[in-house]
Amino acid sequence: MRKITYSQAFVEGLDYCMRKMRNFSLVGNEVMGLGPHRVHLERIWKTYPDRVRFPPTSEAAFSALAAGAAMSGEHVFCHLGAASFSFLSMTSIANEAATAHYASGGKIKVPVVFHMLHGLRIGGGTQHSVSPQAMYWNVPGLQIVLPSCARDAKGLVATAGLSENPTVMFTHDLLIGLEGEVPEKDYEIPFGKADIKRRGKDVTLVATSWMVQVSLEAAKILADEGIDVEVVDPRTLVPFDKKTLIASVAKTGRLVVADETHLSCGVTAEISAIVAEEAFQYLKAPILRVARPDVPTPFSRPLEDFITPTKEKIADAVRRVMRKP
Amino acid sequence: MAAKPGLGKTASLRILERMLVIRRFEESLVEMSGEKLFKSHYHLYIGQEATAAAVVESLRPDDKLTTTHRNHGHVLARGAEPGRAYAEILGRATGLNGGRGGTLHMSDPDRGFLATSSVVGGCIGLALGGAYAQQRRGKGGVSVAFFGDGSLEEGISFESMNIAALWKLPAVFICENNGAGATGSSKGGFPSSLISAPRLAGIAESLAISSKQVDGRDVDAVHAAVSAGVARCRSGKGPVFVECITERWEGSKPMWPELSTGITDVSMAWDAGQVPVKFREWHTHQDPILLFVRKLLRKKLVTREAIVKVDREVRARDATARRFAVSSPMPHGKTALQRVFA
């Protein structure tokens, strides 16, 4: 199968939405960041010049615009840039988009996608490295989508764009240039269906977004040591596929959760709680988490490295759950 | 559609009826709050009815609207069923939003309303989205944001007006400046707005938005400004801003609303003897309903009898609506888990 980058696959997903729905438009420029992969978006700007708007640096207003337009019958894909800028949009996302369907008694639909770039990207510092997906997980009414590879990006963008519900979508900066096999044809990937990225029998390793790639690297190291890791990628946090997760834990009896959100109340905390509550009987060892410590993100490389969940840290956590009887 | 020279008899009576619907609804609401039929805090529109009633006169069924925590007047002016509006405020299953919104988030999407935000600047951003959708549709529809002076304290209002102006979106910003004579938080009342700009319309003007400042108690003034503004919007010339100034009604000055000026008696419009001494200023110079009735009588557009008749019909319908709400069932608790997603 042909190999293309995450960014090219993502743009194919957007193009599919453009072709499929005349009322689909893009608000917010540089969906694939300001690096060399931004060029792939040009195809969208040139093919659909009336359906792409470049807003001023007014995150609160243009995200509200996206939400309000969605309430008025449009489908809007709204790009916010670095995830920390989405805090300026928090009122439009959490107060408006997330609550409108519910508070209107089900009369209003909000088909909007808020897309942002997250994660430790090397040198991003405090305000360009944020991974706020757990914060959004605490806002009922939002679907949360985290593609981890090119193939998933294309199908998840398509599903998010077509969805009738507000969706927050995260792209990790380090995924943008990553190549992978992607079918030429159009396809949608259903939300709430985890993907087992590597089958294994000894330990369940749950990760999303870029952490899936890092976890697969860790699994390679561990395979050489005779530890067979199963890497489970939930792909969407809301809806969350408990079934696949619990089935995997039932098989392996051991769980490590790796994620770039902060340790406290982060993605690893919720996934651990689900397993502790609903699959405790299968566990042969305590659950271990590899997460970003509860500190703002430093700039200097050794400091940033220290807080980054790496393949070595993940491999070490897996070894520890293997040692515990 | 160009601005009309003035309102004729039919339109005037229609507007008066809307104002009375809103007034009777809110008078009843204060009583219902007193009877503990609902326990939430709520915000009244009394004193501002001329604005909503006149604004909707210029709108088409396909226009979009947003409103705030002070939404009763806007939703009712647009024709929402008062019974279902009461039911919403009482948290009943038959409410406009099944009791999930309440007074703070009441919305009537069937009449063009987007979600009702109680974050004061929220409605301005959502209305911007409505205007974006209208422009994309290309059928001359507009999107109206009703908001108070306090909304302009939030940065989203500036951001939204800037985008609306840049993209020439058909947004009609109706700023209801009800701050005149407000008590303010520091004296135990509602917060009053804290804005440095001497004229709120001047904020919009600084973004090259066509702006007007009118007396929000004056039906004809509001209608003239808004109908011209809406026509401008429909023709693709971009957003408009109309600042409608009203006095803060006595009953809204304390933290908890009170019917301090009593139940409105339309005969006060022609019989000064009916006007209580204590609130003579309000009944003589502020109450937009009495001001409008006096004007209609002066212009000989309607008779006293016709006004009394309209009011009697409105009150009868209000009583029916009230009974509908009070006799409506509460929703089942477990349904709280439903309708998070479409």
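The values are calculated or read from the model by the stated rules, or taken from the named source; none is laboratory data. The structure presented is a predicted model; accordingly, all values stated were derived computationally and were not measured. Cβ sites come from the backbone with ideal geometry, for glycine too, and all protein chains shown count toward neighbours. Please note that ligands, DNA and RNA were not included when accessible areas were found on the heavy atoms of the full protein model with its side chains. Shrake-Rupley method; radii C 1.70, N 1.55, O 1.52, S 1.80 Å.
Only helices at least 27 Å long along their axis, Cα-based, and averaging -0.5 or more on Kyte-Doolittle count here, so list those DSSP H runs from chain B. Mind dumping the intermediate values first?
Details: long enough: B:9-34 (37 Å, 0.06); B:304-326 (33 Å, -0.54).
Span-like helices here: B:9-34.
Mean-square fluctuation check for chain B, GNM, Cα pairs under 10 Å: which of B:D218, B:D271, B:D318 is largest?
So, out of B:D218, B:D271, B:D318, the one fluctuating most is B:D271.
Which percent of the accessible area of chain B is formed by carbon and sulfur heavy atoms (probe 1.4 angstrom)? Let's see the in-between values first.
Details: 7270 of 13330 Å².
Ligands and nucleic acids excluded, carbon and sulfur reach 55 percent.
With +1 on the Cβ of every Lys and Arg and -1 on the Cβ of every Asp and Glu, and nothing else charged, how large is the dipole of the protein assembly as shown about its Cα centre, in debye rounded to the nearest 20?
Details: 82 positive and 69 negative charges, 281 e Å.
So the magnitude is around 1360 debye.
State to the nearest 20 debye the size of the charge dipole of the range A:236-287 about its Cα centre, where the only charges are +1 on K and R beta carbons and -1 on D and E beta carbons.
On the way: 5 positive and 6 negative charges, 63 e Å.
It works out to roughly 300 debye.
So for the pair A:E217, A:T57, with labels modelled 7 Å out along Cα→Cβ, what separation do we get in nm?
Taking the two extended label points, one gets 3.2 nm.
What fraction, in whole percent, of alpha-carbon pairs in the range A:195-323 exceed 20 Å separation?
Details: 3127 of 8256 pairs.
When all Cα pairs of the range A:195-323 are counted, 38 percent exceed 20 Å.
At a temperature of 37 °C and a viscosity of 0.692 mPa s, determine how fast chain B diffuses translationally according to Stokes-Einstein, using the Kirkwood radius over alpha-carbon pairs as Rh; express D in µm²/s, rounded to the nearest whole number. Each step should come with its number before you reach the end.
Working: Rh = 20.3 Å.
D = 162 µm²/s.
Among rounded, prolate and oblate, which fits the range A:3-181 when a ≥ b ≥ c are the square roots of the eigenvalues of its C-alpha gyration tensor, a/c under 1.5 means rounded, and a/b larger than b/c means prolate?
Details: a/c = 1.58, a/b = 1.21, b/c = 1.30.
Taking the square roots of the gyration eigenvalues as a ≥ b ≥ c, the range A:3-181 is oblate.
Given B:V302, B:F324, B:A269, which one lies farthest toward the positive end of the charge dipole of the range B:239-342, if we put +1 on the Cβ of every Lys and Arg and -1 on the Cβ of every Asp and Glu?
Checked the options; the winner is B:F324.
Does anyone have the angle between helix A:210-224 and the longest principal axis of chain A? Alpha-carbon axes, 0 to 90°, nearest 10?
The two axes meet at around 20 degrees.
For the range B:92-172, which trypsin sites (Lys or Arg not before Pro) pass both filters: DSSP loop (anything but H, G, I, E, B) and at most 11 other C-beta atoms within 10 Å?
Details: sites: B:R92, B:R100, B:R111, B:R136, B:R137, B:K139, B:K168; in loops: B:R92, B:R100, B:K139, B:K168.
Those satisfying the criteria are B:K139.
Give a quick list of trypsin sites (Lys or Arg not before Pro) in the range A:162-241 that DSSP marks as loop, anything other than H, G, I, E or B, with at most 14 other Cβ atoms within 10 Å.
Those satisfying the criteria are A:K185, A:K193, A:R199, A:K201.
Restricting to DSSP H runs of at least four residues, report the calculated mean residue ellipticity at 222 nm for chain A, -39500 (n - 2.57) per run over all residues, nearest 500 deg cm²/dmol.
Numbers: 11 runs with 116 residues, N = 325.
Calculated mean residue ellipticity at 222 nm is -10500 deg cm²/dmol.
Any idea how far apart A:Y48 and B:T10 come out in nm if each label point goes 7 Å out from Cα toward Cβ?
The two pseudo-label positions are separated by 4.4 nm.
With a ≥ b ≥ c taken as the square roots of the eigenvalues of the C-alpha gyration tensor of the protein assembly as shown, please select rounded if a/c is under 1.5 and otherwise prolate if a/b is larger than b/c or oblate if it is not? Show your work: numbers first, answer last.
Details: a/c = 2.65, a/b = 2.05, b/c = 1.29.
It is prolate, given that a/c is not under 1.5 and a/b is the larger ratio.
Please find, in a Gaussian network model of chain A (springs between Cα atoms separated by less than 10 Å), the residue of A:V110, A:V139, A:V31 whose mean-square fluctuation is greatest.
A:V139
Kindly state, to the nearest 0.05, the FRET efficiency for A:M1 paired with A:V39, given R0 = 22 Å and r defined as their beta-carbon distance.
The value I calculate is 0.45.
Take the Cβ-Cβ distance between B:A316 and A:L162 as r, set R0 to 51 Å, and report the resulting FRET efficiency rounded to the nearest 0.05.
Values: r = 49 Å, r/R0 = 0.96.
Step by step, r from the Cβ atoms, then E = 0.55.
Given points 7 Å out from each Cα along the Cα-Cβ axis, report the A:V295 to B:A208 separation in nanometres with one decimal.
Placing both labels 7 Å along Cα→Cβ, they lie 4.9 nm apart.
Would you mind telling me which residue in B:T261, B:T116, B:T246 has the biggest mean-square fluctuation in a Gaussian network model of chain B, where springs connect alpha carbons within a distance under 10 angstrom?
Of the options given, B:T261 has the highest mean-square fluctuation.
I need the GluC sites (Glu not before Pro) found in the range A:146-250, filtered to DSSP loop residues with at most 16 other beta carbons within 10 Å of theirs.
Working: sites: A:E164, A:E179, A:E181, A:E184, A:E188, A:E217, A:E225, A:E230; in loops: A:E164, A:E184, A:E188, A:E225.
Those satisfying the criteria are A:E164, A:E184, A:E225.
At 1.002 mPa s and 20 °C, plugging the Kirkwood radius over alpha-carbon pairs of the range B:249-341 into Stokes-Einstein gives what diffusion coefficient in µm²/s? Write out the running numbers ahead of the final one.
On the way: Rh = 16.4 Å.
Rounded to a whole number, D works out at 131 µm²/s.
Using every alpha carbon pair in the range A:85-193, what percent of pairs falls into each 10 Å bin from 0 up to the bin containing the largest distance?
Going out from 0 Å in 10 Å bins, the range A:85-193 shows 14, 42, 33, 11, 1 percent.
Report, to the nearest 10°, how far helix A:59-71 tilts away from the longest principal axis of the Cα atoms in chain A, using its own Cα long axis and a range of 0 to 90°.
80 degrees
Go through the range B:121-160 and flag every residue whose accessible area shrinks by 30 Å² or more with all protein chains in place compared to the isolated chain (probe 1.4 Å).
B:L126, B:G129, B:Y132, B:A133, B:R136, B:R137, B:I156, B:E159
Have a look at the range A:55-91 and report residues whose accessible surface goes down by 20 Å² or more when the remaining protein chains are included, against the chain on its own, probe 1.4 Å, ligands and DNA/RNA excluded.
A:P56, A:S58, A:A60, A:A61, A:A64, A:L65, A:G68, A:A69, A:M71, A:S72, A:E74, A:T91
For the pair A:K20 and A:F280, what calculated FRET efficiency results from E = 1/(1 + (r/R0)^6), where r is the Cβ-Cβ distance and R0 = 35 Å, to the nearest 0.05? Kindly include the intermediate steps, with their values, before the conclusion.
Working: r = 44 Å, r/R0 = 1.25.
About 0.20, to the nearest 0.05.
For the range B:1-105, what is one quarter of the convex hull surface built on the Cα atoms, given in nm²?
Working: hull surface 28.4 nm².
Here the figure is 7.1 nm², rounded to one decimal.
In Å², nearest 100, what accessible area do chains B and A bury in total when the solvent probe is 1.4 Å? Walk me through the numbers before you get to the answer.
Working: alone 14920 and 13730 Å², together 25450 Å².
Summing both sides, the interface buries roughly 3200 Å².
Using 19 Å as the cut-off for backbone N distance, which residues of the range B:125-160 belong to the label zone defined by a point 7 Å from the Cα of B:S235 along Cα→Cβ?
B:135, B:138-143
Using the heavy atoms of the protein chains and a 1.4 angstrom probe, tell me the accessible area per residue for the protein assembly as shown in square angstrom. Working shown, then result.
On the way: 25450 Å² over 667 residues.
I get 38 Å² per residue for this part.
What is the list of residues in the range B:269-294 whose amide nitrogen lies under 14 Å from a point 7 angstrom out from the Cα of B:E258, following Cα to Cβ?
B:278-279
Roughly speaking, what is the centre-to-centre gap between the range B:79-125 and the range A:87-154 when only Cα atoms are used, to the nearest Å?
25 Å
Could you tell me how many cubic angstrom of Cα convex hull volume chain A has per residue? Write down the numbers at each step before the final one.
On the way: hull volume 42.1 nm³, N = 325.
Spelled out: Cα convex hull of chain A, divided by residues, is 129 Å³.
Name the residue from A:V267, B:L291, A:N95 whose Cα lies farthest towards the positive end of the charge dipole of the protein assembly as shown, charges +1 on Cβ of Lys and Arg and -1 on Cβ of Asp and Glu.
Of A:V267, B:L291, A:N95, it is B:L291.
Can you show me the helix-derived [θ] at 222 nm for chain B, built from DSSP H runs with n ≥ 4 at -39,500 (n - 2.57) apiece and divided by the number of residues, rounded to the nearest 500.
Working: 11 runs with 135 residues, N = 342.
Computed ellipticity for chain B at 222 nm equals -12500 deg cm²/dmol.
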